[in-house]
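Heads up, the thing below is written out as structure tokens.
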Protein chains: 2
Amino acid sequence: MSDPFVVVGGDAAGLSAASKCKREDPDREVIVYEKSDWISYAHCGMPYYIKGEVDSIASMLSLSPTEVSERGIDLHRHHEVTGVDPREQTVTVETPDGTVKQSYGDLLIATGARAVTAPIEGADLDDVFTIHHMHSAAALRALLTPPEKADESVLDADYVDLDAITPYFDREPPETVAMVGGGYVGVEMVEAFREWDLETHLYQRPSRPAPAFGEAVGDEIAAYVDDAGVDLHLNTEGEAIAGEDSVERVVADDGTVAVDLAVVGIGIRPNTELVMDTGVEFGESGAVRIDEYGQTAVDGVYAAGDCAEKTHAVTGESDWVPLGLTANRAGRAIGQTVAGDPTPVGEIAGTAVLKAFELECGRVGIIDHDRAEAAGFDPVSETITAGSRSGYYPGNAETTVTLTADSESGRLLGGTIAGEDRAAIRIDTLATALHKGTTVDELERFDLAYAPPFSPVWDPILVAAKVLNGSLEA
Amino acid sequence: MSDPFVVVGGDAAGLSAASKCKREDPDREVIVYEKSDWISYAHCGMPYYIKGEVDSIASMLSLSPTEVSERGIDLHRHHEVTGVDPREQTVTVETPDGTVKQSYGDLLIATGARAVTAPIEGADLDDVFTIHHMHSAAALRALLTPPEKADESVLDADYVDLDAITPYFDREPPETVAMVGGGYVGVEMVEAFREWDLETHLYQRPSRPAPAFGEAVGDEIAAYVDDAGVDLHLNTEGEAIAGEDSVERVVADDGTVAVDLAVVGIGIRPNTELVMDTGVEFGESGAVRIDEYGQTAVDGVYAAGDCAEKTHAVTGESDWVPLGLTANRAGRAIGQTVAGDPTPVGEIAGTAVLKAFELECGRVGIIDHDRAEAAGFDPVSETITAGSRSGYYPGNAETTVTLTADSESGRLLGGTIAGEDRAAIRIDTLATALHKGTTVDELERFDLAYAPPFSPVWDPILVAAKVLNGSLEA
């Protein structure tokens, strides 16, 4: 009999699932198909590799193909799954040697997401990149490095196509770059470009960078980006990239800027084409809907990672927040489930942290009032600024906290934080509070840490809770 | 009619209560008696002032007498309350001009705690200090400063008795110091002494420094203390300080060491003599028992701060954890309550953070198995070490987390953490989890932050929860 656990996609969710299943049930056949060369790489590390803060691609790979094989997993790279037949319980696989059918007992769709460039015109010109694959990261790193400093040791992963990448080392680095899109990736990338001393333009349609972090944090990020010498084009419409063969300029409603490099980071979309007509259901985001255990609407077909939604801890509704931890965790849980031990994939709280030059930023939960209202809440927010340490202790830094709560129940709905001193990691306190349905009144009374080097008597989070609680009671 | 709110003690709890009461009920007469010169000062800042990291005593004072008066509070320094008569609702006050009686409507006992030196012999010799008052801090700072670097600007608070303190500047600094007691204060003080290049001996009866932080953290603290060149005398019994007039040596069961400075930091005791025979009840710690609103067993008599117990969030039992935040919070709540708006003082989770040289340490909840068993739990603990950031990101530091849970319910009971990179503040995540009665199974699935500069995919807290959850299920 043949009931292998078949996994489509060899990155965080897919390999977590395969590894966990094999560990729990060593006799089960586990097959992973990955259409590219690359497996198990750290998307989030790319900006720091491009910046030059990380010098080794290999260090950003969690698992090598050999290690995967040593776990007893049957890994096939350059194998693209092109069809799923849930009735027959088979997948169609394009292999280097032709098309094959493979039966499955359980199937995991872990196809991830892809960077989109539409509606930006000209994204197909040379020297226009997206940041969603190590290949782009390697090319950008080589292109930004002046020829006299070229160092192939930074391309230290077997997967790197040296013939394609090393020519970038020989070119003179670009002098002016346009980063189109000011979300997480845009903010992280302009830091990398400034490190290489490029004249840097950041185009952002909304009125602030990183809108997911809300107004208070967005304004602070804008100030740091500006201080770093980045030319910030906010509220900009109609960006188009233009040039003969390679990028020469960016045209937007605020004028034209001559550039010799452009990066487009305006968003990602879930890769769901494979299961489009299989009975699998999709959420409003276009990502796959799953149940508590990661199973789709089709029996025996699971989905995890950037192609799948998850239940939001605050709203209880299905939501799409494609990030690394929840992908790993969902994969692991599904691996355990298909090995016979049903394990929930967990909820998302929308926790995210972002380094914007020296500013540490965090966000969690529902902070947008429209979204909160759509979920049935009556949101109230307060923003405070407080010290990160005792005022007299060296290194004390202003920390801005915004908390949002439901005015009727007093329940905390979300929050953001920004500051230079240990600000981002404080978001975990709020994430924990959200998972447990904490009210602002309770939060105000939590016994949080105090010692002059680490926190003032009233931690910024407590100050914010106190102020918001006052507003709720008023 | 005369129903003033009378407060005994002008530090964190007392002045928080007075200020809040006056703000909520401006017509209420609020009287504060403080027996010393000093009000509202930051105990926790003293080691850093002595070390020379903080140069201004005034910066460690939250409120000046003038500011207190401007709030409409009737503050009397050098006034010692020596008696309470709950039937008459009066207190007896020794003033500089003689003894008076003052009636009260509500009374707050915020008398704090004092450093103990018993059973250490010789603590009354010259150049033997305790660290529980700014006067000692000022003297030590002056004594440690070489005469050629004497700078009176570091004594910038009106309260400093310059006649008593400035002579310390003229003396050659001590060369060898014995720190007797290796709790929080001992660990913080040896850092200060090493900064001034003293040969430093730390005497500790238990087998580790800072036992409240448990074995794993205690061992790490010991390693940092040792690396800093401190001579660590663990498991040491029978320390005695000896000398003619001033300290000359410390004698313990591991031998005699010649020293010219000694500091005793072996603990504090609540100041409760004032209410000993008033009907007020006391806990096992000797501190005052209070109810949810800070009221003692005697109607209209409240207690807050280091002289009072509080309910522990994990055990639900009354416990004594004398620290700054809970003192401030309880005072503030009592001020609000006596102003007519009953407000709970909040619970303690036993949260504490400590800097041991470059090591950041945190602890929360019940981590001692004997204590956990006494509270009716069946404790299981696991200790893990994980990175503070992605392994490839600069600044990643090993972080040790110990979690303790009840094996039957899976409920988290407590935890500790240590590491050089943003470790201490992560304890707030665990404090929040404890206040909300979180199980380890839940904690393992929380959506905590991930970004290479701030946390690996699996934060050390999640790794610990995963491992402990595995043990609980096994």
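Descriptive notes on the structure:
- Residue in the range B:368-382 that is of a type outside the set (S, T, N, Q), crowded, with 22+ Cβ neighbours inside 10 Å and within 14 Å of another protein chain (Cβ to nearest Cβ) present: no
- The one condition in (1) surrounded by fewer than 16 Cβ atoms within 10 Å (Cβ to Cβ); (2) small (G, A, S); (3) closer than 14 Å to B:A178 by Cα that B:G267 fails to fulfil: (3)
- Taken over the range A:431-452, the residue count meeting the criterion of being surrounded by fewer than 24 Cβ atoms within 10 Å (Cβ to Cβ), in contact with a strand residue (DSSP E or B) (Cβ under 9 Å, 6 or more places away or on another chain) and over 20 Å from B:G365 (Cα atoms) is 2.
- Test: residue in the range A:57-71 that is in contact with a helix residue (DSSP H, G or I) (Cβ under 7 Å, 6 or more places away or on another chain) and either of a type in the set (S, T, N, Q) or under 16 Å from A:L108 (Cα atoms) (or both): no
- Only a single criterion out of (1) of a type outside the set (F, W, Y); (2) within 14 Å of chain A (Cβ to nearest Cβ); (3) surrounded by fewer than 17 Cβ atoms within 10 Å (Cβ to Cβ) is not satisfied by B:A42, namely (3).
- Subset of the range B:300-334 [closer than 23 Å to B:Y41 by Cβ and polar (S, T, N, Q)]: B:T326, B:N328
- Within the range B:225-246, the set of residues being more than 21 Å from B:V128 (Cα to Cα) and surrounded by fewer than 22 Cβ atoms within 10 Å (Cβ to Cβ) comprises B:D226, B:D227, B:A228, B:G229, B:N235.
- For the range A:65-84, the candidate set comprises residues that are of a type outside the set (A, V, I, L, M, F, W, C) and touching a Pro at 6+ places or on another chain (Cβ under 9 Å); within that set, the residue that is farthest from A:Q102 (Cα to Cα) is A:G72.
- Considering the range B:120-135, the residues that are of a type outside the set (A, V, I, L, M) and either under 21 Å from the mean Cα position of the chain (by Cα) or assigned to a strand (DSSP E or B) (or both) include one that is nearest to B:V250 (Cα to Cα), namely B:E121.
- Test: A:S19 is within 14 Å of another protein chain (Cβ to nearest Cβ), crowded, with 21+ Cβ neighbours inside 10 Å and either among the small types (G, A, S) or part of a strand (DSSP E or B) (or both): yes
- Close pairs from the range A:96-112: first without any contact (Cβ under 8 Å) to a residue 60 or more places away in the chain, partner among the hydroxyl-bearing types (S, T, Y), Cβ under 7 Å, at least 6 apart: A:T99/A:T92; A:K101/A:T90; A:K101/A:T92
- Single condition B:G286 does not satisfy, out of (1) part of a helix (DSSP H, G or I); (2) surrounded by fewer than 22 Cβ atoms within 10 Å (Cβ to Cβ): (1)
- Taking residues in the range B:432-454 that are more than 7 Å from every other protein chain (Cβ to nearest Cβ), and partners anywhere that are surrounded by fewer than 24 Cβ atoms within 10 Å (Cβ to Cβ) and part of a helix (DSSP H, G or I), the pairs with Cβ atoms closer than 7 Å and at least 6 places apart or on different chains are B:V440/B:N469; B:V440/B:L472; B:D441/B:N469; B:E444/B:K466; B:E444/B:N469.
- Of all residues in the range A:409-427, those that are among the charged types (D, E, K, R) have Cβ atoms under 8 Å from Cβ atoms of residues that are crowded, with 24+ Cβ neighbours inside 10 Å and part of a strand (DSSP E or B), 6 or more apart or on another chain, in A:R411/A:A405; A:E420/A:E360; A:D421/A:E360; A:D421/A:T399; A:R422/A:E360; A:R426/A:G362; A:R426/A:T399; A:R426/A:I417.
- Annotation note: of A:G419, A:G414, A:G410, the sole residue that is more than 22 Å from B:G45 (Cβ to Cβ), crowded, with 24+ Cβ neighbours inside 10 Å, more than 8 Å from chain B (Cβ to nearest Cβ) and not aliphatic (A, V, I, L, M) is A:G414.
- Against the conditions (1) more than 24 Å from A:F357 (Cβ to Cβ); (2) at the interface with another protein chain (Cβ under 7 Å from one of its Cβ atoms); (3) among the hydroxyl-bearing types (S, T, Y), B:S471 satisfies every one except (2).
- Only one of B:G286, B:G294, B:G300 that is in contact with a helix residue (DSSP H, G or I) (Cβ under 6 Å, 6 or more places away or on another chain) and at positive phi: B:G294
- Some residue of the range A:307-316 being without any contact (Cβ under 8 Å) to a residue 60 or more places away in the chain, touching a helix residue (DSSP H, G or I) at 6+ places or on another chain (Cβ under 8 Å) and not assigned by TED's automatic domain parsing to the domain that holds A:A465: yes
- All told, A:S388 meets the bar of being more than 7 Å from every other protein chain (Cβ to nearest Cβ), in contact with an Asp or Glu (Cβ under 9 Å, 6 or more places away or on another chain) and either closer than 28 Å to B:E191 by Cα or not β-branched (V, I, T) (or both).
The values are calculated or read from the model by the stated rules, or taken from the named source; none is laboratory data. Just so it is clear, the model here is predicted, and its values are computed rather than measured. A quick note on method: Cβ atoms are made from the backbone with ideal geometry, for glycine too, and the neighbour counts reach across all protein chains shown.
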